[in-house]
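Trainee: Sending over a structure as structure tokens; questions will come in a sec.
The values are calculated or read from the model by the stated rules, or taken from the named source; none is laboratory data. A quick note: this is a predicted structure, and the numbers were derived from the prediction, not measured. With ideal geometry, Cβ positions are generated from the backbone for all residues, glycine too; neighbour counts draw on all protein chains shown. For accessibility, only protein heavy atoms count, side chains too; no ligands or nucleic acids. Shrake-Rupley method; radii C 1.70, N 1.55, O 1.52, S 1.80 Å.
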Amino acid sequence: MIEFVGVHKRFGEKVILDGVDLKADAGEILFVIGTSGAGKSVLIQQVVGLLAPDRGQVLVDGQDVTRLSEAAFYPIRMKCALVFQHATLFDSMTCAENVALPLRKHFKLSRAQANERALEFLAQVQMESFASTYPATLGDGLRKRVAVARALTLDPKYILFDEPTTSLDPVSARRVDALILDLSRKRGATCIVVSHDLRSIFSIADRVAMLYKGQVRALGTPTEIRASLDPVVQQFITGSQEGPLETT
Amino acid sequence: MASDDPPGPQSAAPKQKGLKGTAQSTKPVRVSEKPTRKSDRSALMTNEFAGASLSPSAETLSISQPVPGFVLPADEARGGPLKTLLAAVYAIPRIEPGAIAEQMHLLGFRSLGFVCLVLGFVGGILVYQAGIQALRIVPDTSTIGPAYIEILVRDLAASLTALMLATRVGAGIAAEIGSMKVTDQLDALRLSNADPVVYLVAPRLVACVLVTPLLTIVGGAVALTTGALTGLWVFDINPVTFLDGRFVDGIDLGAGLVKSVAFGFAIPVMSAHAGLYTSGGSQGVGNATTRAVVGSSLAVIVLGFLIGALAETLSAGAGQ
């Protein structure tokens with residue numbers, strides 16, 4: 001279980017998170033939605049120690065990870081994988097080498113062993129034919145699938161997705177949705193997905209949390225969120241230009 | 001899912017039950033129960049995109065223990081070049097096999113032509129100018145060669161080589177690491193348990209420390225050759241007279257060697273530091289590259305001055 005307890009975060013004078021309380025239960029797909037700049041990405045980056053909250057706690061399986069050193073984050077990053085918004089593959093490595101890197105570093109496998117394992121993970125996302133391709137030559141959808149394969153190498157208990165369907169064509173986006181759903185249902189992974197993609201949200205989410213002005217504005221199932229009478233939530237869902245929703 | 005309607009397959013009639021938030025309330029809606037149609041939706045997704053289905057993970061790999069070590073702090077903290085130097089030195093034992101050789105090829109061998117070209121031309125120009133000045137004062141060119149060799153050994157070869165490396169290698173290191181930083185690749189490395197300092201900085205540091213003296217020797221030899229040829233062709237100085245190392249002593253050789261090693265440390269550290277703390281997209285990468293070249297060049301000049309002054313002091317002390 002991943003919990004955020006009273007998490008505060010600011011960059012300079014700008015308050016990003018102002019006391020976020022949120023919990024992701026085991027095996028669920030929790031979508032975190034909100035306008036651009038609402039702090040969604042900042043929230044999930046705190047789980048793996050890329051950012052640290054100013055106040056509050058981030059708990060992973062009950063362990064407070066807010067003040068861990070880099071070395072102490074090793075076991076946390078073993079069970080919490082983050083798929084970045086832009087895939088963030090290493091340009092100088094082939095797809096197979098990208099996927100093999102965590103295997104070599106976390107499990108101390110030899111280069112040959114890691115590459116062999118990497119092919120298996122690439123096959124799971126139907127990318128084995130691109131094993132020797134460099135990421136720069138791939139489209140966004142394919143890159144994201146390789147990024148997911150890289151995240152799967154550690155068999156993570158928790159997978160954090162940062163806008164996984166942004167900039168993808170509809171078919172590729174739905175494929176990523178299917179992948180997330182499979183990860184949750186077949187592997188039992190807990191998925192926290194930062195997204196504004198309404199189709200994804202209302203297709204695969206178990207619960208949805210909306211961040212607004214640094215706090216959780218609404219939390220519930222997709223059906224409940226859709227039925228919310230909160231005008232801010234409604235404006236976000238409908239995409240109306242008129243309403244109380246303030247964007248940054 | 002198959003519908004174009006954003007609410008998707010769950011788009012049942014909105015239910016108010018369970019909602020604690022209202023239009024008037026700004027408190028979060030807290031709902032504990034989960035949807036009951038997971039299996040239905042799973043079936044729908046996997047049928048529609050059967051190709052994307054994953055097999056359940058079964059195999060468990062044995063996990064080796066982490067290697068504790070110094071790594072740079074999270075993005076918010078900022079250290080100085082000294083901190084980057086300490087981190088890189090501390091990371092040296094964890095460098096991957098083959099990484100140093102690869103960097104020696106990229107940083108050293110590929111710089112060889114550039115360094116030789118520059119030092120060759122500078123050597124010829126210096127001897128030409130020195131010869132003209134010498135002939136204006138005394139019509140004797142016999143000491144041009146020995147004096148030139150002393151300057152070359154003590155300072156010129158090391159400094160010029162290092163300045164060329166600062167532009168070529170320094171800019172490359174900063175641009176590569178900086179672009180990785182702004183595209184979150186450094187964070188991705190950290191999540192892969194690949195410490196960016198171990199993976200990117202330390203191999204470049206060791207490689208640069210090793211290749212800078214070698215490039216200095218080769219570049220110096222080229223400058224010596226072009227200088228001698230210039231002396232021969234322009235001033236008719238016999239090469240035997242020109243290639244006279246009588247002014248060169250152990251302190252000169254030591255100063256040149258120490259300088260080249262020190263420059264080998266300074267260039268990758270200044271450049272990698274600029275890259276590691278890049279921010280702000282492509283403009284940030286450009287700024288980091290500029291900082292790397294300026295910082296490396298200044299480090300070469302200042303270190304060259306300090307080591308030269310120390311050598312001069314030692315030389316004066318030895319002469320007394």
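Trainee: So which of A:SER240, A:SER200 is more than 7 Å from chain B (Cβ to nearest Cβ) and under 22 Å from the mean Cα position of the chain (by Cα)?
Mentor: A:SER200
Trainee: Any residue that is hydroxyl-bearing (Ser, Thr, Tyr) and surrounded by fewer than 18 Cβ atoms within 10 Å (Cβ to Cβ) - is there at least one of those in segment A:39-46?
Mentor: Within segment A:39-46 (the criterion being hydroxyl-bearing (Ser, Thr, Tyr) and surrounded by fewer than 18 Cβ atoms within 10 Å (Cβ to Cβ)), the answer is no, since none of the residues qualifies.
Residue-wise test of (1) closer than 27 Å to B:ARG190 by Cα; (2) out of contact with any Lys or Arg (no Cβ under 8 Å at 6 or more places or on another chain).
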position: A:LEU138; (1), (2): yes, yes
position: A:ALA147; (1), (2): yes, yes
position: A:PRO156; (1), (2): yes, no
position: A:VAL176; (1), (2): yes, no
position: A:ARG185; (1), (2): no, no
position: A:PHE202; (1), (2): no, no
position: A:ASP206; (1), (2): no, no
position: A:MET210; (1), (2): no, no
position: A:GLU246; (1), (2): no, no
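Trainee: For segment A:211-222: of the residues being crowded, with 20+ Cβ neighbours inside 10 Å and facing chain B (nearest Cβ under 8 Å), which is nearest to A:PHE4 (Cα to Cα)?
Mentor: Taking the candidates together, the pick is A:VAL216.
Trainee: With the requirement that a residue be assigned to a helix (DSSP H, G or I) and either among the small types (Gly, Ala, Ser) or touching a Lys or Arg at 6+ places or on another chain (Cβ under 9 Å) (or both), what does segment B:275-292 give you?
Mentor: B:GLY275, B:LEU276, B:GLY281, B:SER282, B:GLY284, B:VAL285, B:GLY286, B:ALA288, B:ALA292
Trainee: Being touching a residue at least 40 places away in the same chain (Cβ under 8 Å) and outside any helix (DSSP H, G or I) is the filter; apply it to segment B:193-215 and report the residue that is nearest to the other protein chains (Cβ to nearest Cβ).
Mentor: B:ASN193
Trainee: Name the residue that is least open to solvent (accessible area, probe 1.4 Å), counting only residues in segment A:113-150 that are facing another protein chain (nearest Cβ under 10 Å) and in a loop (DSSP other than H, G, I, E, B).
Mentor: A:VAL125
Trainee: Here is a follow-up. Would segment B:223-236 turn up any residue that is open to solvent by 20 Å² or more (accessible area, probe 1.4 Å) and not in a helix (DSSP H, G or I)?
Mentor: Looking through segment B:223-236, at least one residue is open to solvent by 20 Å² or more (accessible area, probe 1.4 Å) and not in a helix (DSSP H, G or I).
Trainee: For segment A:10-34, which residues satisfy the criterion of being of a type in the set (Lys, Arg) and at pLDDT 90 or above?
Mentor: A:LYS23
Trainee: State all residues of segment A:88-103 that are within 8 Å of chain B (Cβ to nearest Cβ) and either in contact with an Asp or Glu (Cβ under 9 Å, 6 or more places away or on another chain) or open to solvent by 50 Å² or more (accessible area, probe 1.4 Å) (or both); if no residue qualifies, say none.
Mentor: Hits for segment A:88-103 are A:THR88, A:PHE90, A:ASP91.
Trainee: Here's another thing I want to ask about it. Which is outside any loop (DSSP other than H, G, I, E, B) and either acidic (Asp, Glu) or within 14 Å of chain A (Cβ to nearest Cβ) (or both), of B:ARG190, B:ARG168, B:ARG136?
Mentor: Matching residue, one of B:ARG190, B:ARG168, B:ARG136: B:ARG190.
Trainee: Sticking with this structure for a sec: Residues to consider are B:ILE125, B:ILE92, B:ILE137; find the one that is surrounded by fewer than 19 Cβ atoms within 10 Å (Cβ to Cβ) and at pLDDT 95 or above.
Mentor: One residue alone meets the criteria, B:ILE125.
Trainee: Which one is surrounded by the fewest Cβ atoms within 10 Å (Cβ to Cβ) among residues in segment B:177-219 that are under 17 Å from the mean Cα position of the chain (by Cα), farther than 30 Å from B:CYS116 by Cα and among the charged types (D, E, K, R)?
Mentor: Among residues in segment B:177-219 that are under 17 Å from the mean Cα position of the chain (by Cα), farther than 30 Å from B:CYS116 by Cα and among the charged types (D, E, K, R), the one surrounded by the fewest Cβ atoms within 10 Å (Cβ to Cβ) is B:LYS181.
Trainee: Could you list, in sequence order, all residues of segment A:110-149 that are modelled with pLDDT under 85 and more than 20 Å from the chain's Cα centre (by Cα)?
Mentor: Scanning segment A:110-149 gives a single hit, A:GLN126.
Trainee: Going through B:SER279, B:SER260, B:SER271, B:SER296 one at a time, which residue ends up being open to solvent by 80 Å² or more (accessible area, probe 1.4 Å) and small (Gly, Ala, Ser)?
Mentor: The conditions single out B:SER279.
Trainee: May I ask you to verify whether A:GLN85 is of a type in the set (S, T, N, Q), facing another protein chain (nearest Cβ under 9 Å) and farther than 21 Å from A:ARG10 by Cβ?
Mentor: Criteria met by A:GLN85.
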